[in-house]
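Here's the structure we're looking at; comments come further down.
The values are calculated or read from the model by the stated rules, or taken from the named source; none is laboratory data. No experiment lies behind these values; they were computed from the predicted model shown. Every residue, glycine as well, gets a Cβ built from its backbone with ideal geometry; the counts of neighbours run over all protein chains shown.
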Amino acid sequence: MPPIITNTPGLSLATVTADQRLQAFLHINGEVRRLNTESLAAAARETSSEWLARGVFGRLGRAKSQAPFAEHRTYIYDGKEVDAQVHLGLDLASTRRAAVTSSNSGRVVLAGYLGIYGNCIVIDHGMGVQSLYGHLSVMDVEPGDRVEKGEVIGRSGTTGIAGGDHLHFTMLVGGTPVNPVEWWDPHWVRDRIDRKLREAGVR
C-alpha cells in the first residue's frame, strides 16, 4: 500500500497500526479503484476516430492465466470478510519481469502510475477500443507514442495491488473493461470487427 499512497495525488493514509492498514486497504480497494475507473473513462475520450489496429489482438507470450475475467474476489482479514470486488481483467504470468508487448498497433494514451494498477499503460486502437497493461515494473513508452503490434512496451511486475509478478491485461471499449479472450480469437475478430468495418466503409 505505501507505494500506492505515495504515487496517488491527494492521498494521505496512516498505516502504522493493523486497523489503519486495513482501513487504508479498504479505501484503496474501493475509492481509489473508483477514481482509477474515472481515469480510464477520461483516457477513452482520447480515442482516434480511425481504426488503428490490424487483425487479431496478441496475448502475452508463454504466459499462463492466473485469474479469469470477471472473477468475484472476496477479501478476508482476521477470519472475516472485509471487502468484495469483481476482477475485470486477466492476470497473465510467465517469468519475472517478462517482456510485455503491445497487443496491437495504436497510440499510447496513458503511461504512468494508476492506483490499483500500479505502473500502467493504455494503448488506443481507435474507435473507442483500447488495451490496458497493469502492474508493470518498467514502462518503455510515453503518452503520444505510436506502437506496432508486438512491440515491447514494458515488463511485468508487482506494482499496485499485485500478489506476485504478472501482467494485468484487459480490453476496454469506451473505457469499460470487456473480456480479452474474444479479441484473441481470429474468427471473432474477423466476424465482429473486420467485417463490420468493411460494411461501414471504414476499411
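A few remarks follow.
- Residue in region 52-62 that is buried (at least 18 other Cβ atoms within 10 Å of the Cβ) and either of a type in the set (S, T, N, Q) or within 24 Å of ALA84 (Cβ to Cβ) (or both) present: no
- Remark: pairs (first residue in region 8-30, closer than 14 Å to ALA84 by Cα; second residue at pLDDT 95 or above and assigned to a helix (DSSP H, G or I); Cβ separation under 8 Å; 6+ apart in sequence or on different chains) = ILE28/ILE4; ILE28/ILE5; ILE28/GLY115; ILE28/ILE116; ASN29/ILE116.
- Beta carbons closer than 6 Å, at least 6 apart along the sequence or on distinct chains, pair a first residue in region 172-193 that is touching a residue at least 24 places away in the same chain (Cβ under 8 Å) and under 14 Å from ARG54 (Cα atoms) with a second that is of a type in the set (A, V, I, L, M, F, W, C) and part of a strand (DSSP E or B) for TRP183/MET171.
- Region 182-203, residues that are at pLDDT below 95 and touching a Phe, Trp or Tyr at 6+ places or on another chain (Cβ under 7 Å): LEU197, VAL202, ARG203
- Filter pass, ALA14 being farther than 25 Å from GLY175 by Cα and outside any strand (DSSP E or B): yes
- Flag if VAL109 is farther than 30 Å from ILE5 by Cα, modelled with pLDDT of 95 or more, β-branched (Val, Ile, Thr) and in contact with a helix residue (DSSP H, G or I) (Cβ under 8 Å, 6 or more places away or on another chain): no
- Breaking point among (1) part of a helix (DSSP H, G or I); (2) touching a strand residue (DSSP E or B) at 6+ places or on another chain (Cβ under 9 Å), for LEU197: (2)
- Of the residues making up region 105-136, those that are surrounded by fewer than 20 Cβ atoms within 10 Å (Cβ to Cβ), in a loop (DSSP other than H, G, I, E, B) and either free of Cβ contacts under 8 Å to residues at least 40 places away in the same chain or out of contact with any His (no Cβ under 9 Å at 6 or more places or on another chain) (or both) are MET127, GLY128.
- Residue match in region 27-48 (condition: over 22 Å from the mean Cα position of the chain (by Cα), of a type in the set (S, T, N, Q) and modelled with pLDDT of 95 or more): no
- Residue under evaluation ARG73, criteria (1) closer than 25 Å to GLU182 by Cβ; (2) touching a Phe, Trp or Tyr at 6+ places or on another chain (Cβ under 9 Å); (3) not in a loop (DSSP other than H, G, I, E, B), criterion not met: (2)
- Single residue of region 152-181 satisfying the filter (in a loop (DSSP other than H, G, I, E, B), modelled with pLDDT of 95 or more and surrounded by fewer than 17 Cβ atoms within 10 Å (Cβ to Cβ)) that is nearest to the chain's Cα centre (by Cα): ASN179
- Close contacts from region 79-96, counting a first residue that is without any contact (Cβ under 8 Å) to a residue 40 or more places away in the chain and a second that is surrounded by 17 or more Cβ atoms within 10 Å (Cβ to Cβ) and of a type in the set (Ser, Thr, Tyr), with Cβ to Cβ under 6 Å and a gap of 6+ residues or different chains, come to none at all.
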